[in-house]
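Novice: Could you have a look at this structure, given as structure tokens, before my questions?
The values are calculated or read from the model by the stated rules, or taken from the named source; none is laboratory data. Quick caveat: nothing in here was measured; it's all calculated off a predicted structure. Cβ placement follows ideal geometry from the backbone for every residue including glycine, while neighbour counts extend to all protein chains displayed. Protein only, heavy atoms only, side chains kept; ligands, DNA and RNA dropped before computing areas. Shrake-Rupley method; radii C 1.70, N 1.55, O 1.52, S 1.80 Å.
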Amino acid sequence: MKAFVMKEIGRVGLLDKPTPRPGPLDAIVRTAAALICTSDSHTVAGGIGPREDLTLGHEAVGTVHEVGSEVRDFRPGDRVLVGAITPDWGDAASQNGFPSQSGGPLGGFKFANSKDGVFAEYFHVNHADANLAKIPDGVSDEAAVYCADMLSTGFMGAEHGDIPMGGTVAVLAQGPVGLMATAGARLLGAGLVIGVESVPARQKLARAYGADEIVDFTKEDVVERVLELTGGQGVDTAIEALGADATFQTAVKVVKPGGTVSNVGYYGEGEFVRIPRVEWGVGMADKTIASGLCPGGRLRMERLLRMLETKRVDPTRMTTHRFSFDEMERAFEVADKKLEDVVKVLITF
Ligand SMILES: [Zn+2]
């Protein structure tokens with residue numbers, strides 16, 4: 001089968017690989033659609049170190065091709081969503097309620113990390129009964145594939161933010177995860193959602209997903225503007241959806257005492273992420289800092305798919321580019337170099 005791999009740091013390409021086989025609890029999925037993620041770029045840039053011929057990708061839907069002897073609920077031919085995070089479920093972190101950390105910090109993140117990813121004609125899924133979800137008939141592959149990571153991670157940012165009904169939320173950066181955090185905050189009952197973003201196309205999407213106000217950090221001071229919009233109080237929840245030291249500091253500054261900084265950003269460089277001392281109340285401002293990796297699991301994926309089925313949110317507005325798997329090298333270049341106002345690149349197989 002054909003797979004799109006990282007040949008070495010900074011170099012990608014298509015490669016022939018053997019079709020994987022399932023263990024007793026596993027499934028092999030024939031890929032139907034996938035999305036390119038900024039995490040794929042981090043990986044190719046060397047974020048997890050050198051990986052020779054590792055298949056990239058972790059956001060996919062497809063059809064079950066083969067299942068192991070112990071798989072109960074899935075059969076060949078089932079249309080399925082596959083979580084970007086595929087925990088092993090039996091370990092202590094999973095039993096403790098944090099399956100994305102199974103097998104060590106971020107250990108549930110296996111695709112294109114500790115095993116081959118989903119940018120291939122077929123891929124392997126461990127613990128199929130817990131890591132797959134059937135896609136309802138009325139939900140397209142294109143909509144469902146957003147639940148693998150973008151919608152799940154963005155919504156997690158809102159869920160971890162402890163947003164009061166009618167509360168105020170600032171979402172720092174409106175990339176795909178930030179956009180879904182904006183949509184999630186609105187769905188959870190926020191009374192005011194402030195999107196921080198400078199790119200016009202993303203500002204427009206942010207408004208479509210529920211941002212009431214847009215703050216352009218290239219034109220105004222974000223902290224001043226957020227305080228102004230909240231009558232000097234600051235927001236109940238600040239969601240950091242970029243992963244930059246300066247943005248994280250802004251998040252701490254704009255949150256009111258008793259509020260929550262919910263972090264979904266990935267910090268790929270530097271030794272520290274700094275907390276602004278004074279605005280953190282010299283350590284005593286009752287500001288909570290929450291963090292998490294996209295939760296895995298079938299039940300969560302089924303809940304997210306239900307929200308697509310009942311049309312609570314339409315993630316497909318984020319698809320700016322479409323390519324076939326044969327055009328993968330060009331597709332990756334567009335996503336990696338952020339060409340042509342790209343938000344998300346959809347690959348069909
Ligand atoms: Zn992703």
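Novice: Consider residue 106 against the criteria (1) over 19 Å from the mean Cα position of the chain (by Cα); (2) among the hydrophobic types (A, V, I, L, M, F, W, C); (3) open to solvent by 50 Å² or more (accessible area, probe 1.4 Å); (4) within 16 Å of the ligand (Cβ to nearest atom): it satisfies all of them except one. Which criterion is unmet?
Specialist: That leaves (1) as the condition not met.
Novice: Restricting to the stretch 292-319, count the residues that are surrounded by fewer than 17 Cβ atoms within 10 Å (Cβ to Cβ) and closer than 29 Å to residue 204 by Cβ.
Specialist: 10
Novice: Any idea how many residues of the stretch 229-256 are of a type in the set (Ser, Thr, Tyr) and surrounded by fewer than 24 Cβ atoms within 10 Å (Cβ to Cβ)?
Specialist: Of the residues in that region, 2 qualify.
Novice: Follow-up. Consider residue 84 against the criteria (1) more than 13 Å from the ligand (Cβ to nearest atom); (2) in a loop (DSSP other than H, G, I, E, B); (3) among the aliphatic types (A, V, I, L, M): it satisfies all of them except one. Which criterion is unmet?
Specialist: (1)
Novice: Identify the single condition in (1) under 22 Å from residue 23 (Cβ atoms); (2) buried (at least 24 other Cβ atoms within 10 Å of the Cβ); (3) away from the ligand (no atom under 16 Å from the Cβ) that residue 163 does not satisfy, given that it satisfies every other one.
Specialist: (1)
Novice: Which residues, taken from the stretch 45-57, are open to solvent by 10 Å² or more (accessible area, probe 1.4 Å) and either more than 13 Å from the ligand (Cβ to nearest atom) or of a type in the set (D, E, K, R) (or both)?
Specialist: 45, 46, 48, 49, 50, 51, 52, 53, 54
Novice: So, restricting to strands (runs of 3 or more DSSP E) that lie completely within the stretch 266-349, which ones have at least 1 residues that are of a type in the set (Asp, Glu) and at pLDDT 95 or above? If you could, list the steps in order and put the result at the bottom.
Specialist: Details: elements: 288-291, 319-324, 344-348.
No strands (runs of 3 or more DSSP E) qualify here.
Novice: On the basis of being loosely packed, with under 15 Cβ neighbours inside 10 Å, closer than 26 Å to residue 269 by Cα and small (Gly, Ala, Ser), does residue 10 make the cut?
Specialist: Answer is yes for this residue.
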